[in-house]
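The structure appears below as structure tokens.
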Amino acid sequence: MEKTEQNLFYRIPVQAFSLRLARTPIRMQHSPSWRIDKVNPVHDLVFCLTGNAQYTIGAESIALKEGEAILIHARERFRGVNTGREDYTGVAQHFTLDLFGRADLVDQMKLDRKVVLSNWPVLRPLVRHYRETAATTSPTLVQHHQFMVMLLAFLDDAFLGWREEVELLANQGQLSLQIMLLASKLAADPLNDGGLEQALAEVPYNRDYFRRAFRDRIGMTPQKYLELKRMEYAVHRLGLGQTVKETAAELGYSDPYFFSRMFKQYIGASPSSYRLKQTARSRYRYVE
């Protein structure tokens, strides 16, 4: 699986994800005598900060040390022991990650059980802060956002691909997954001529049925969603100082006036007025 495919996580529409923290972060501080034998009803993501531990899940035996993380799936029995002479410290978070509120997104993925976190020097301070500021009552909004960053960092390193079992094609989980992947592809390359038709041709569902399901979850048809992403791309180009005519041409519009109407429909302002506002703001910042 190429890294560029993993980065599709960062282009998934926000309404696709529903992250819930089942409890406050667990501030792990386990002595050398620590042992655990447990089953959790939700997923459990564990980050090691110091020390060493050994987890047994089914027939798997996994060693964990600083800079590594392990995912324990919901309803999996696991055992853990401290295998070092010092305290084993870190943070664990019980969570669910739903896809359009209809399926467990984690269960749709093929993941490495344990990863060495590739961006650990940057991630370590966040994990420490997340542990040290753990609320005692219920998870906070800030913790929710912090854990999403930590979870996405884990998924980037652990992601092997999407489950492809044929029997999944008939359930709502796989349908939601296909919708999420299409939305991600369109957002990643909105200027690709024919990209939408090619992507729809690869979807293992009746096209009209899939369009209706896409609109139900995303709030607009695939074509409208692509147009929105193209206009968002235009916003970026205009913000860099590109002219309306140049931006229209780059997006493939031979008629700048038609492009202007489309832009106003999705963004709420004409491209020329948007460009003028951005230019004025840039000059104001420069004067300051």
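The values are calculated or read from the model by the stated rules, or taken from the named source; none is laboratory data. The structure presented is a predicted model; accordingly, all values stated were derived computationally and were not measured. Every residue, glycine as well, gets a Cβ built from its backbone with ideal geometry; the counts of neighbours run over all protein chains shown.
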Of all strands (runs of 3 or more DSSP E) fully inside region 63-163, the set with 3 or more residues that are under 23 Å from residue 39 (Cα atoms) and not hydroxyl-bearing (Ser, Thr, Tyr) is 68-72, 77-82, 88-99, 109-111
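Just for region 102-127: of the residues that are among the charged types (D, E, K, R) and farther than 15 Å from residue 65 by Cα, which one is modelled with the highest pLDDT?
Filtering region 102-127 for residues among the charged types (D, E, K, R) gives 102, 104, 107, 110, 112-114, 124.
From the residues that got through so far, the ones that are farther than 15 Å from residue 65 by Cα too are 102, 104, 107, 110, 112.
Values: 102: 78, 104: 88, 107: 87, 110: 91, 112: 96.
Taking the candidates together, the pick is 112.
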Residue that is farthest from residue 181 (Cα to Cα) [pool: residues in region 88-111 that are surrounded by 15 or more Cβ atoms within 10 Å (Cβ to Cβ) and free of Cβ contacts under 8 Å to residues at least 60 places away in the same chain]: 111
All-but-one check, residue 131 against (1) touching a Pro at 6+ places or on another chain (Cβ under 9 Å); (2) at pLDDT below 90; (3) assigned by TED's automatic domain parsing to the domain that holds residue 74; (4) surrounded by 14 or more Cβ atoms within 10 Å (Cβ to Cβ), failing number (2)
Number of the condition not met by residue 45 [criteria: (1) closer than 19 Å to residue 126 by Cβ; (2) modelled with pLDDT of 95 or more; (3) surrounded by fewer than 16 Cβ atoms within 10 Å (Cβ to Cβ)]: (3)
